[in-house]
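A quick write-up on the structure given underneath.
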Amino acid sequence: MPLIQSSQDHLPDIDSPPSPTSLSAAKALIAASLPSTTTDLHPSLPPLKESNFTPALTSSLDSLSASTSPTPLDLSRYEAPSAPTTQDAESWTTALRSAALNSTYLSSRATNLSLLETFGRNAWLVSNAQLEDLLRDLERDVKSAREELEGVERERRERMEAKKAEVLELERAWRDLVGRGIEVQVAAEKVREEILARRRAGAREG
């Protein structure tokens, strides 16, 4: 069911559908009244909150933005570090710290994989069941909304059918009155021209 329902500005059971020319003119007026851009947010929406990233996340985002590699992630941090070529203590301390971090990460990774293998299937089934319940609720709401819409449309159609004869009679009477009004205006114009002609004739005789 679409989120936006189609609507009719005329009564399809009574009024004749608008002509293509009328539709084109109406659409042109609507397009002219719309703003030239739709990128601006609606005034009723609250302003967007400013991003408040941590320095580490900001650094990672900057490196990802500046990277031109097809694999923007630095995979070297997950690899076993090579032994330092120098014998100074600082190089070995850095290598040991890197090895400890990699070991901790791989250990945590192994633990997560073990948990996933043990409980992942049940968690996936529970998640599917929850999604099915949500889908069932949404389908029930859609069905209820569709039935309500059909009821409103049925009531609208019945009212239009009940008033159709009256509307057509009023339209016919309106057309007759308009025609009579035009006939009266034409007759009045003829009388005015006759009066002017007689005045001119009287002025020439006098």
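The values are calculated or read from the model by the stated rules, or taken from the named source; none is laboratory data. Bear in mind that the values here come from a model prediction, so they are computed numbers and not experimental data. Methodologically, a virtual Cβ is constructed for each residue, glycine included, from the backbone with ideal geometry; neighbour enumeration extends over all protein chains shown. In case anyone asks, the SASA skips ligands and DNA or RNA and just uses the protein heavy atoms, side chains included. Shrake-Rupley method; radii C 1.70, N 1.55, O 1.52, S 1.80 Å.
Find which of ILE182, LEU134, THR118 sits farthest along the positive direction of the dipole of region 89-183, computed with +1 on the beta-carbon of Lys and Arg, -1 on that of Asp and Glu, about the Cα centre.
Final value for the positive-end residue is THR118.
So what is the accessible area of region 44-198 per residue, in Å², with the probe set to 1.4 Å? Display every interim value, and only then the final one.
Working: 13790 Å² over 155 residues.
Result: 89 Å² per residue.
How big is the convex hull of the Cα atoms of region 79-206, per residue, in Å³? Don't skip to the end; give the middle numbers.
Values: hull volume 37.9 nm³, N = 128.
Once divided by residue count, the hull of region 79-206 is 296 Å³.
Got a number for carbon plus sulfur as a percent of region 119-206's accessible area, 1.4 Å probe?
Values: 4530 of 8020 Å².
Answer for region 119-206 is 57 percent, counting heavy atoms of protein chains only.
Work out how much length SER144 to TRP174 would gain on full extension: take 0.36 nm times their residue separation and subtract the Cα-Cα distance, in nm to one decimal. Intermediate values should be presented prior to the final figure.
Working: separation 30, 0.36 × 30 = 10.80 nm, distance 4.21 nm.
Difference between extended and current length: 6.6 nm.
Using a Förster distance of 30 Å, how high is the FRET efficiency between ALA110 and SER65, based on the Cβ-Cβ distance and rounded to 0.05? Spell out each step's value before the answer.
Working: r = 32 Å, r/R0 = 1.07.
Between ALA110 and SER65 the formula returns 0.40.
How large is the charge dipole for region 94-206, taken about the Cα centre, if only the Cβ atoms of Lys, Arg (+1) and Asp, Glu (-1) carry charge, to the nearest 20 debye?
Numbers: 22 positive and 22 negative charges, 136 e Å.
About 660 debye.
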